[in-house]
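The values are calculated or read from the model by the stated rules, or taken from the named source; none is laboratory data. Small disclaimer: the values here were computed from a predicted structure and weren't measured. Because the Cβ atoms are built from the backbone with ideal geometry, glycine has one as well, and the counts that use them run over all protein chains shown.
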Amino acid sequence: MAGQEISKDESLSRKGYRHACHIMIYADTDAKLFGKIPIKHIVLMQMRFDGLLGFPGGFVKPAEESLEAGLSRELWEEMGDGNVRVPLYCLKRGRGLSAFLSNSFISNARSQLIAALRVLGLLTQDELDAAVAKAEMMRKTTAH
């Protein structure tokens, strides 16, 4: 379920809510998969304890720490476990990004990943649309 974007200041002014900070870490690369398929970019995600994919981070307490300090603490606690490199390539029969997107993600991590890949220009809109469409087909066939 995608939520409405709000500013940091507006978020901190709301009472009765828990605050969470997450981060998408990525880097450019000239590496090639199997020595043939350009990878172009590397994106880090995390396989959580419950088997869902998400971005590193977690809950912070703005009354006790800044959001940045809370995120740093969460990253320090989490970075050793379950890191996953997102496959930013598409292979025949839906392997690669399509297969990755067919997995279960926590909350809106899947939509955040797709939006970030688009906004940062790591993949074209056509590449993203094709990968998402194949992922949806894969999810439907495995749901039976």
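Some points to look at:
- Residues that are out of contact with any strand residue (DSSP E or B) (no Cβ under 8 Å at 6 or more places or on another chain) and of a type outside the set (A, V, I, L, M) were ranked within the stretch 113-133; the one that is farthest from residue 45 (Cα to Cα) is 126.
- With respect to the conditions (1) surrounded by fewer than 13 Cβ atoms within 10 Å (Cβ to Cβ); (2) over 20 Å from residue 138 (Cβ atoms), residue 93 lacks only one, and its number is (2).
- Of the residues making up the stretch 32-48, those that are free of Cβ contacts under 8 Å to residues at least 60 places away in the same chain, surrounded by 12 or more Cβ atoms within 10 Å (Cβ to Cβ) and over 16 Å from the mean Cα position of the chain (by Cα) number 5.
- Residue pairs meeting the criteria (Cβ under 8 Å; at least 6 apart or on separate chains; first surrounded by 13 or more Cβ atoms within 10 Å (Cβ to Cβ), in the stretch 49-74; second part of a helix (DSSP H, G or I) and of a type in the set (Lys, Arg)): 53/110; 60/73; 65/73; 67/8
- In the condition set (1) under 20 Å from residue 129 (Cβ atoms); (2) surrounded by fewer than 17 Cβ atoms within 10 Å (Cβ to Cβ); (3) charged (D, E, K, R), residue 77 is compliant with all but (1).
- Put simply, of 91, 71 the only residue that is over 12 Å from the mean Cα position of the chain (by Cα) and closer than 21 Å to residue 50 by Cα is 71.
- Members of the stretch 7-27 found to be closer than 21 Å to residue 120 by Cβ, surrounded by 10 or more Cβ atoms within 10 Å (Cβ to Cβ) and free of Cβ contacts under 8 Å to residues at least 40 places away in the same chain, listed by number: 25
- Those residues of the stretch 117-144 which are more than 19 Å from residue 38 (Cα to Cα) and either surrounded by 15 or more Cβ atoms within 10 Å (Cβ to Cβ) or among the hydroxyl-bearing types (Ser, Thr, Tyr) (or both), in sequence order: 132, 134, 135, 138, 141, 142
- Just one of the numbered conditions (1) at pLDDT below 85; (2) on the phi > 0 side of the Ramachandran plot; (3) charged (D, E, K, R) is not true of residue 78: (2).
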